[in-house]
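*Asks:* Shown below is the structure under consideration.
The values are calculated or read from the model by the stated rules, or taken from the named source; none is laboratory data. None of the values given here were measured: they were computed from a predicted structure. Here the Cβ is made from the backbone with ideal geometry for all residues, glycine too, and neighbour counts use every protein chain on show. To get the accessible areas, we keep the full protein, side chains included, count just its heavy atoms, and leave off ligands, DNA and RNA. Shrake-Rupley method; radii C 1.70, N 1.55, O 1.52, S 1.80 Å.
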Number of protein chains: 4
Amino acid sequence: PLAFENERLLWTLPRRRVDDHKFSSGHCLVISGDALHTGAARLSALGAARIGAGLVTLGGARDALLVHAAHLTAIMLAECDRPDDLRPLLDRRKINAIVIGPAAGVSEDTRQLVLEALASEASIVLDADAISTFAQEPDALFAAIKARKNPNVVLTPHHGEFSRLFGEIAGCKLDRAQAAAKRSGAVVLYKGADTVIARPDGYVAINGSGSPNLATAGSGDVLAGMIGGLMAQGMNAFDGACAAAYIHGLAGRRYGKPGLIADDLPGILPDILFELSI
Amino acid sequence: PLAFENERLLWTLPRRRVDDHKFSSGHCLVISGDALHTGAARLSALGAARIGAGLVTLGGARDALLVHAAHLTAIMLAECDRPDDLRPLLDRRKINAIVIGPAAGVSEDTRQLVLEALASEASIVLDADAISTFAQEPDALFAAIKARKNPNVVLTPHHGEFSRLFGEIAGCKLDRAQAAAKRSGAVVLYKGADTVIARPDGYVAINGSGSPNLATAGSGDVLAGMIGGLMAQGMNAFDGACAAAYIHGLAGRRYGKPGLIADDLPGILPDILFELSI
Amino acid sequence: PLAFENERLLWTLPRRRVDDHKFSSGHCLVISGDALHTGAARLSALGAARIGAGLVTLGGARDALLVHAAHLTAIMLAECDRPDDLRPLLDRRKINAIVIGPAAGVSEDTRQLVLEALASEASIVLDADAISTFAQEPDALFAAIKARKNPNVVLTPHHGEFSRLFGEIAGCKLDRAQAAAKRSGAVVLYKGADTVIARPDGYVAINGSGSPNLATAGSGDVLAGMIGGLMAQGMNAFDGACAAAYIHGLAGRRYGKPGLIADDLPGILPDILFELSI
Amino acid sequence: PLAFENERLLWTLPRRRVDDHKFSSGHCLVISGDALHTGAARLSALGAARIGAGLVTLGGARDALLVHAAHLTAIMLAECDRPDDLRPLLDRRKINAIVIGPAAGVSEDTRQLVLEALASEASIVLDADAISTFAQEPDALFAAIKARKNPNVVLTPHHGEFSRLFGEIAGCKLDRAQAAAKRSGAVVLYKGADTVIARPDGYVAINGSGSPNLATAGSGDVLAGMIGGLMAQGMNAFDGACAAAYIHGLAGRRYGKPGLIADDLPGILPDILFELSI
């Protein structure tokens, strides 16, 4: 299988046309954690919005949404308290990409939400707790991924989450990411200083754009949202994951000094997008 | 009837005089959606304030106002929970322009609020749900518009809302906007990449200042507020709608990069106003 | 009596010394309106903080303070629900300047708070509703002012509030301000495009630094807070009122474009202070 | 014992390596005050985050956390309502530095929290109310400090707090700081225009980087957080306190104009860190 350095020739960013309206750029839903754990999903939502999704909605319980309501204005809110609420919401709001996991909680509700999401036609990013919640039954997750009509699913584990889901796999990080993608049927973005993105068919890219600035709480949540935002705009899972990882890395570098916190990242994305569009 | 390209020679922006006080620049009321849908009205209110209205008030239910209270400082809040609350509020606060529709909900309350607003002497912008709520009885809306003493009413439908209210009308977008303005008695700002603004007497302008950057959630809410803010300052409905569309388009261009979200727009308006004032 | 153009030779701004600590720069209390009317007091508090008061506290009912709590970090909060709460608060926190009036409500509570404040040793700014609440019995207010040990009291009426408190007075605005200062025993800052500041002994200054940009909701609230902040730092009432009016006017000019809202003003003050300190 | 001017040759700032992840940079917990007193702890948390801690969590009662939730996104929240909640929280989240004191309240709960914290293996900053709460029994505090395995404890009293804890000590400020460090077993950062940092073995540094700009409410809270953030990244108590005092002073100077409020400080830190890293 082919291995590439992740760079801007590997994928093409969506470009708006003169007659686009907001729905042409897709609608990304991010599932929120509870009222004391809203920040992670908010970072994902801001990442999705700043990477260009036409609409972004945060879904969650009412008290969590009221926390988001104190922060957000153009990003929308929708009650989605139980897994059963998801499908009607997707239909009602024409949602075509979903991010689940950031501070979602390792719980049966999260597990059910993931399965509901996978049963839909939207493109899906599974991060953090959405991954950990399947640690005891990874095959149930992989079966649900492989049964989908829309093949675009991205898993974004860091090292601990990777081991929880895939157990011990032999070989270098690249080998392990390839094996995990093949086994799961999803694109696997295996995070770290040396982020590796692997496709189920073995195609793999290594991202070198990162910066130790990005080793800060919430940084990965922004990345998950960026992938969701790019898939909402029509990119496939592998290209979206590669482009998001590349741009996320550049954003960490562009901040240009120590002391970056994840709140800084979404606002840097437009500058990076502009440079990549020249 | 005459058709113009929308440009800065077509209208004159209000200019403050040395002895103006805040009430000289008018007071614009924006009706809020409920507590989980406040963002749209807030964008309108910020648009109205940044385009120069002397005072801006958000009206709504107490729990929605408390969400706004966590965001806003100079923009004021007033309980306006039922349609009956509107008229006393208008009188008490000397309100001369009203924006209804952004995330207001398609409901009987919204319908009644629109009729109460139209029965007042204020200039009116009807956007989004305020339009959709009359889909079943457009003639009731048009009759209320035509019965007004103050003729300044602007409807700001996008394509779906236009069809809901006016049904199928033959001809190009320009023809359809003209027919809709004539039928409704209001200025019709028919949104899209090619926004058309039509006056009931057939006078029409085509706006070309836009940018696909503006194809993002909440962008139209800012525009509705800008029209309200300009009418609060004494512009008539057609001039206000044309000027707002022109400036809104420039703001989208001025942002100058991908990744614009509607939150960015109000803060860009002062720069555009400055350039137009030179 | 002498009349001056208000300019920077008329007063001296406080300057911090190398060994100052936060209490050397004084502690200014601003009384808040209720939970749906917090913005005005917040603007005052920010004005007081940005003009250099060492500590600023907002006092009010718990639900109003929780709204402020969603906005503020370095500005402190203290429950002050009934007029009786004021004096213990002043002692406990070493408060030496108080601003009452912005969106305080025309009520018996406001009236009592004003009288409690005047009975203390702090310097006092009475604005807006704190003025209007004495429309029926101005002499009770004036007697309380004249009975004070600390003579530093500033009234900041706009035209309507001036007439409510002082009735019709013959002569030009300058004459009227002088008469009002004499009658009330307070420094009277009579707002408008041509703000006049008068001292009970007839000394008067006319401020010409303003800009029609400042004719916007909340602008006067910032001014009231700036006066309180300067008196907290030890300026007398007349000098504080003159300096605040001058700097407030420059801030409106410095914004340099249309579309200023009162939220912009506090953040501009440090630049003006820097220029005046060179 | 040796006395130094505090300067950048006296300590070495942590520097991220290419393969660092967020936990390599440590996790700093800041204990919050109650719902009406959250600002101080928030300033500490922002100071800790901007100085480079990989993760920062605010611990407190649910209603206080909900106030923080309206402000913060990347900084995390954890219920820590009673002293008993602390130890499980430290373990669960791998916390290696704790800041207690800013607006914590002088109370038995605060006293117990301090003792629980000292009984853990984390590095500790005790500021403000955490110091005052031991005014009646300083030796209990000093015994708990001396019994620790991890010797890194910093006390950050201003003049009043110093006297409350250590009573009257003869000599100049430098002598008093040295005696206090020896007696308490902690590094003592004795605040003021002439901040002195003393180590139990008599080693002492005098900080001259400050500015009277810093004499403003909340400034010391930022400093306490910065020390916690540096210890989370592995600096020892003396080096962390010296580096934080030096950088905090530069931040006050760099603001460069009057009118600084403590909210401004955290955002200035990355620029200072960048300059110190060149």
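*Asks:* Return the carbon/sulfur percentage of the accessible area of segment A:144-277, one whole number, probe 1.4 Å, all protein chains in place.
*Replies:* 52 percent
*Asks:* Here's something else I'd like to know. To one decimal in nm, how far is D:Arg62 from the same spot in the other copies, if labels go 7 Å from Cα toward Cβ? Please give the shortest first.
*Replies:* 1.5, 1.5, 2.2
*Asks:* Another question, if that's okay. Once you sort the root eigenvalues of the Cα gyration tensor of segment A:49-107 as a ≥ b ≥ c, which label holds: rounded (a/c under 1.5), prolate (a/b larger than b/c) or oblate (the other case)?
*Replies:* Working: a/c = 1.41, a/b = 1.10, b/c = 1.29.
Rounded.
*Asks:* OK, next. At a 1.4 Å probe radius, carbon and sulfur cover how many percent of the accessible area of segment A:1-46? Present the calculation step by step, with values, prior to reporting the outcome.
*Replies:* Numbers: 1270 of 2310 Å².
It is 55 percent, rounded to a whole number.
*Asks:* Assuming a ≥ b ≥ c are the square roots of the Cα gyration tensor eigenvalues, decide whether the protein assembly as shown counts as rounded (a/c under 1.5), prolate (otherwise, with a/b larger than b/c) or oblate.
*Replies:* The shape class here is oblate.
*Asks:* List for segment A:68-82: residues with 40 Å² or greater reduction in accessible area, all protein chains versus chain alone, probe 1.4 Å?
*Replies:* Residues meeting the cut-off: A:Ala69, A:Ala70, A:His71, A:Thr73, A:Ala74, A:Leu77.
*Asks:* Next question. Any idea what the A:Ala193 label distances to the other copies are, label 7 Å down the Cα→Cβ vector, nm, shortest first?
*Replies:* Listed shortest first, these distances are 4.7, 4.7, 6.6 nm.
*Asks:* Add -39500 (n - 2.57) for each DSSP H run of 4 or more in chain D, then divide by its residues: what number comes out at 222 nm, to the nearest 500 deg cm²/dmol?
*Replies:* So the calculated ellipticity at 222 nm is -12500 deg cm²/dmol.
*Asks:* Additional query: For each pair in A:Lys257/D:Lys191; A:Lys146/B:Lys191; B:Lys94/B:Lys182, compute the distance between the two Cα atoms and list the pairs where it is over 32 Å.
*Replies:* Cα-Cα > 32 Å for A:Lys146/B:Lys191; rest within.
*Asks:* Return the equivalent ellipsoid semi-axes of segment C:115-261 as a descending list in whole Å, where each equals the square root of 5 times an eigenvalue of the C-alpha gyration tensor.
*Replies:* Values: eigenvalues 114, 57, 39 Å².
The answer is 24, 17, 14 Å, longest axis first.
*Asks:* Now for a separate question. Please provide three numbers in whole Å: the alpha-carbon extents of segment D:11-163 along the principal axes, with the largest listed first.
*Replies:* Extents along the principal axes, in whole Å: 48, 36, 31.
*Asks:* Give me a comma-separated list of calculated 3J(HN,Hα) values for segment B:224-232, in order, Karplus coefficients 6.51, -1.76, 1.60 applied at θ = phi - 60°, integers in Hz, x for any Gly or Pro.
*Replies:* These are the phi-based 3J(HN,Hα) values: 4, x, 4, 5, x, x, 6, 5, 4 Hz.
*Asks:* Taking θ = phi - 60°, what integer Hz values does the Karplus form 6.51 cos²θ - 1.76 cosθ + 1.60 yield along segment D:124-129, in sequence order, with x for Gly and Pro?
*Replies:* Each residue of segment D:124-129 in turn: 10, 10, 10, 10, 6, 5 Hz.
*Asks:* What is the mean projected area of the alpha carbon convex hull for chain C, to one decimal in square nanometres?
*Replies:* Taking the Cα atoms of chain C, their convex hull projects to 13.5 nm² on average.
*Asks:* Given H placed 1.01 Å from N in the peptide plane, which residues other than close sequence neighbours of B:Phe4 have an amide H under 5 Å from its amide H?
*Replies:* B:Val204, B:Ala205, B:Ile206
*Asks:* Next question, about the same structure. Using a label position 7 Å from Cα in the Cα→Cβ direction, what is the ascending list of nm distances from A:Ile278 to the same site in the other copies?
*Replies:* Here A:Ile278 shows inter-copy label distances of 2.3, 2.3, 3.3 nm.
*Asks:* Quote the relative contact order of segment B:123-272 in percent (integer), defining contacts as alpha-carbon pairs under 8 Å separated by 6+ residues.
*Replies:* Averaging sequence separation for qualifying contacts and normalising by length gives 21 percent for segment B:123-272.
*Asks:* What's the minimum Cβ distance from chain A to the axis relating it to D, in whole Å, and which residue gives it?
*Replies:* A:Ala70, 3
*Asks:* Ignore the peptide's own chain and count Cβ atoms of other chains within 10 Å of each Cβ in C:251-264; give me the average, rounded. Spell out each step's value before the answer.
*Replies:* On the way: counts 0, 0, 0, 0, 2, 3, 8, 15, 15, 5, 12, 5, 5, 3.
Partner Cβ neighbours, averaged per residue: 5.
*Asks:* Out of the GluC sites (Glu not before Pro) in segment C:1-96, which ones are loop residues according to DSSP with at most 14 other C-beta atoms within 10 Å?
*Replies:* C:Glu7
*Asks:* Over segment B:1-92, what portion of Cα pair distances is larger than 23 Å, expressed as a whole percent? Can you show the working numbers first?
*Replies:* On the way: 1521 of 4186 pairs.
Looking at segment B:1-92, the distances longer than 23 Å represent 36 percent of pairs.
*Asks:* Note down the relative contact order for segment D:185-267 as a percent, whole number, built from C-alpha pairs under 8 angstrom at least six residues apart.
*Replies:* Reported relative contact order: 33 percent.
*Asks:* What number results when the radius of gyration of segment A:106-163, computed over Cα atoms, is divided by 2.2 N^0.38 Å?
*Replies:* Compared with the compact-globule rule of thumb, segment A:106-163 sits at 1.03.
*Asks:* What is the spread of the Cα atoms of segment C:136-222 along each of their three principal axes, largest first, in whole Å?
*Replies:* 38, 26, 25
*Asks:* Report Rg (one decimal) and Dmax (nearest whole number) for segment D:183-278, counting Cα atoms only, units Å.
*Replies:* 13.0, 40
*Asks:* Here's something else I'd like to know. Can you compute 3J(HN,Hα) from phi for each residue in segment A:20-36, using the Karplus curve 6.51 cos²θ - 1.76 cosθ + 1.60 with θ = phi - 60°, rounded to whole Hz and x for Gly and Pro?
*Replies:* 5, 10, 4, 6, 4, 9, x, 10, 9, 9, 10, 7, 8, x, 6, 4, 8
*Asks:* What do you get for trypsin sites (Lys or Arg not before Pro) in segment A:115-207 restricted to DSSP loop and a cutoff of at most 14 other Cβ within 10 Å of the site's Cβ?
*Replies:* Listed in order of number, the matching sites are A:Lys149.
*Asks:* Oh, and also: Starting from the amide H of D:Leu58, placed 1.01 Å from N in the peptide plane, find each other amide H under 5 Å away whose residue is 5 or more places distant or on another chain.
*Replies:* Here the answer is D:Val30, D:Met76, D:Leu77, D:Ala78, since their amide H atoms fall under 5 Å of that of D:Leu58.
*Asks:* So, one more: Given contacts defined as C-alpha pairs under 8 Å and at least six residues apart, what's the relative contact order of chain C, whole-number percent?
*Replies:* 23 percent
*Asks:* I've got another one for you. Rolling a 1.4 angstrom probe over the protein chains, ignoring ligands and nucleic acids, what is the accessible area of A:His37 in square angstrom, nearest 10?
*Replies:* Here the accessible area works out near 70 Å².
*Asks:* Just to make sure I understand: if all protein chains stay in place, what is the order of A:Cys172, A:Cys242 by accessible area at 1.4 Å, largest first?
*Replies:* Output order, biggest surface exposure first: A:Cys172, A:Cys242.
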